[in-house]
Amino acid sequence: MTQRRHEIDALAAGLMVLFCAIWGLNQVSTKVANAGISPIFQAGLRSLGACALLWAWSSWRGVKLFDRDGSFWPGLLAGFLFALEFAIIFVALNHTTASRAVVFLYCAPFVVAIGTHWLVPAERLGLGQIAGMILAFGGIVVAFSEGFTGATGKTLLGDAMMLAGGAIWGATTVVVRVGLSGISANKVLFYQLAVSAVSLIALSLALGEPGLTHPTALVWGAFVWQVVIVAFGTYLGWFWLIAHYPAAKLSAFSFLAPLFGLIFGAVLLGEHVSPLLIVAMALVAFGIWLVSRRSGEAAAALGAEESAAAADPRLREG
């Protein structure tokens with residue numbers, strides 16, 4: 001039986017920092033790939049490629065993806081939410097600025113914290129950890145504050161859509177934690193990649209996106225990075241972490257991703273970075289430290305969840 005850990009250890013923290021750095025770099029690779037592949041079509045094609053890799057990897061490891069285990073409906077829901085999130089975000093970026101978009105998108109960890117608070121007693125956050133979430137979010141606001149001005153009606157519509165996208169991102173994590181906790185990380189990811197590949201490619205065709213426009217070697221290189229490293233490698237690792245560690249505490253680390261994106265954007269694309277980035281990184285780091293501390297409520301609920309888990313002998317593969 002899978003042993004769940006109720007605190008973030010060095011392995012989980014190290015993997016999350018690595019994943020967030022890769023996700024931050026992915027913002028750069030997405031911009032590069034956008035120059036030759038339409039955005040929504042690119043997202044669908046990325047899911048399709050990663051889905052094929054995941055199927056091959058799971059077959060080699062002997063992890064079953066098509067056995068009947070009662071996960072179909074929650075898996076379908078998770079996949080639909082995953083696709084809807086990307087569709088909303090891509091459309092929203094046509095209405096609002098990237099700086100504003102990031103701030104609203106990162107409501108996701110709060111949705112995870114609220115969802116797991118009510119549905120997973122052992123993962124409830126204490127007051128100090130909630131304060132840490134707010135501090136980390138404050139760091140994001142500080143980092144992107146220069147672009148957070150001049151709202152218009154169109155901008156506010158984009159902001160609302162990004163807020164919805166962030167909420168859906170958080171809801172997807174909660175569905176995975178609660179509804180898919182008894183299956184392998186491979187199958188969790190397979191649901192999301194398969195459903196999003198079909199949905200996003202269909203949406204791209206419906207919207208009349210041109211698809212492949214100027215697929216240079218650099219564009220293909222950026223796209224392959226997204227397929228192999230991001231959508232296959234880090235997403236599989238992320239779902240493995242959710243299966244073993246508290247989802248709300250893991251989600252707090254995601255505040256690092258946009259900061260890494262700013263850094264990589266400055267280094268690789270020559271984009272402007274405000275000196276406030278140092279303040280933002282300090283706030284995010286301190287907030288994550290607070291969230292990662294042991295919660296008294298979680299410790300009290302630990303025995304109850306372990307007793308419930310003992311009644312479920314299902315093994316997790318992968």
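Overall, the ratio between the Cα radius of gyration of region 177-281 and 2.2 N^0.38 Å, rounded to two decimals, is 1.36.
Between the beta carbons of His214 and Leu18, assuming R0 = 30 Å, the FRET efficiency works out to 0.40 to the nearest 0.05. Highest average first, the peptides 67-75, 14-22 ordered by how many other beta carbon atoms sit within 10 Å of their residues are 14-22, 67-75.
Taking a span of 15 Å or more along the helix axis (Cα atoms) and a mean Kyte-Doolittle hydropathy of at least 0.5 as the rule, the DSSP H helices of the chain that qualify are 10-34, 39-61, 72-92, 108-119, 127-143, 153-179, 185-207, 256-269, 276-292. For the pair Ile114 and Leu268, a Förster radius of 41 Å applied to the C-beta separation gives a FRET efficiency near 0.70, rounded to the nearest 0.05. By the helix-only formula, in which each DSSP H run with n ≥ 4 contributes -39500 (n - 2.57) and the sum is divided by residues, the chain has a 222 nm mean residue ellipticity of -24000 deg cm²/dmol. The slack between Leu53 and Val279, meaning 0.36 nm per residue of separation minus the straight C-alpha distance, is 77.4 nm. Highest average first, the peptides 78-85, 6-13 ordered by how many other beta carbon atoms sit within 10 Å of their residues are 78-85, 6-13.
For the chain, the fraction of C-alpha pairs farther apart than 29 angstrom is 35 percent.
Sequence-distant contacts, meaning Cα pairs under 8 Å at least 6 residues apart, place the relative contact order of the chain at 42 percent.
Bear in mind these aren't lab numbers, they're just calculated from the coordinates by the rules spelled out. The structure presented is a predicted model; accordingly, all values stated were derived computationally and were not measured. In this analysis, Cβ positions are derived from the backbone assuming ideal geometry, glycine residues included, and neighbour counts consider all displayed protein chains.
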